[in-house]
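Before any comments, here is the structure.
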Amino acid sequence: MGVIFDTSIWIGLTLGQISSRAVSDAAGEETVYISAISLGELSFGVESCSNPAMRMQRQRALRSLELRPILDVSASTASVFGVLAAYLKQMGRSPRTRVNDLWIAAQAIENDFALLTMNIKDFEGLPGLRVVGL
């Protein structure tokens, strides 16, 4: 088994908004994975940062995260993503506003992992998803 961290967890840890102890307690004994989607979001944060000191801090954090087990997007992930996006549309919610969250949720469902997030509301009601919040 494993747990996939939403991008908000990685950002919260880097900025000191949440403690590594709280995250460790929430993950328990599970192997922690990072999504390739989160790596893309974090890379965007590095590339769009105009403050040189902050950019360097973000770059160091990203490089350390790239050493973790990474979940890539597969054809199976795409199938789950399609189901989740269609579900949201049927429920009257737009899937377009949280596309990256849906990809990360799809990876969690595909691998039967829990998803740890600081933004529970972003993942509310997604069928088959086990969400753990901080």
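The values are calculated or read from the model by the stated rules, or taken from the named source; none is laboratory data. Since the structure is predicted, the reported quantities are computational estimates derived from the model, not experimental observations. Cβ coordinates were reconstructed from backbone atoms using ideal geometry, including for glycine residues, and neighbour counts include every protein chain displayed.
Yes or no: the range 24-46 includes at least one residue that is farther than 18 Å from Phe123 by Cβ, in contact (Cβ under 8 Å) with a residue 24 or more places away in the chain and touching a Ser or Thr at 6+ places or on another chain (Cβ under 8 Å).
Checked against the condition, which is being farther than 18 Å from Phe123 by Cβ, in contact (Cβ under 8 Å) with a residue 24 or more places away in the chain and touching a Ser or Thr at 6+ places or on another chain (Cβ under 8 Å), the range 24-46 yields at least one hit.
Can you tell me which residue in the range 78-127 is nearest to Ala26 (Cα to Cα), limited to those that are in a loop (DSSP other than H, G, I, E, B), over 13 Å from the mean Cα position of the chain (by Cα) and in contact (Cβ under 8 Å) with a residue 24 or more places away in the chain?
Applying the filter and picking the extreme gives Asp112.
Just wondering, is there one or more residues in the range 54-63 that are at pLDDT 90 or above and farther than 17 Å from Ile11 by Cα?
no
For the range 26-53, which residues satisfy the criterion of being at pLDDT below 90 and outside any loop (DSSP other than H, G, I, E, B)?
Ala26, Ala27
Could you say which residue among Leu134, Leu88 is of a type in the set (A, V, I, L, M), touching a Pro at 6+ places or on another chain (Cβ under 7 Å), at pLDDT below 95 and over 18 Å from Leu39 (Cβ atoms)?
Details: Leu134 fails: touching a Pro at 6+ places or on another chain (Cβ under 7 Å).
After ruling out the rest, the residue left standing is Leu88.
Pairs, please: C-beta under 6 Å, at least 6 apart or cross-chain, first residue under 18 Å from Ile4 (Cα atoms) and in the range 50-75, second surrounded by 12 or more Cβ atoms within 10 Å (Cβ to Cβ) and of a type in the set (Ser, Thr, Tyr)?
Hits for this filter: Ala61/Thr14; Pro69/Tyr33; Leu71/Tyr33; Leu71/Ser35.
Would you check if Leu39 is out of contact with any strand residue (DSSP E or B) (no Cβ under 8 Å at 6 or more places or on another chain) and crowded, with 16+ Cβ neighbours inside 10 Å? Full working, then the answer.
Details: out of contact with any strand residue (DSSP E or B) (no Cβ under 8 Å at 6 or more places or on another chain): no; crowded, with 16+ Cβ neighbours inside 10 Å: yes.
No.
I'm trying to understand the selection: among the residues of the range 56-70, which are surrounded by 15 or more Cβ atoms within 10 Å (Cβ to Cβ), closer than 14 Å to Glu41 by Cα and not small (Gly, Ala, Ser)?
Listed by number, the residues that qualify are Arg58, Gln59, Leu62, Leu65.
For the range 64-77, give me each residue that is at pLDDT below 95 and in a helix (DSSP H, G or I).
Ser64, Leu65
Could you identify the single residue in Met91, Met118 that is surrounded by 15 or more Cβ atoms within 10 Å (Cβ to Cβ) and not charged (D, E, K, R)? Write out each step before concluding.
Working: Met91 fails: surrounded by 15 or more Cβ atoms within 10 Å (Cβ to Cβ).
Result of the check over Met91, Met118: Met118.
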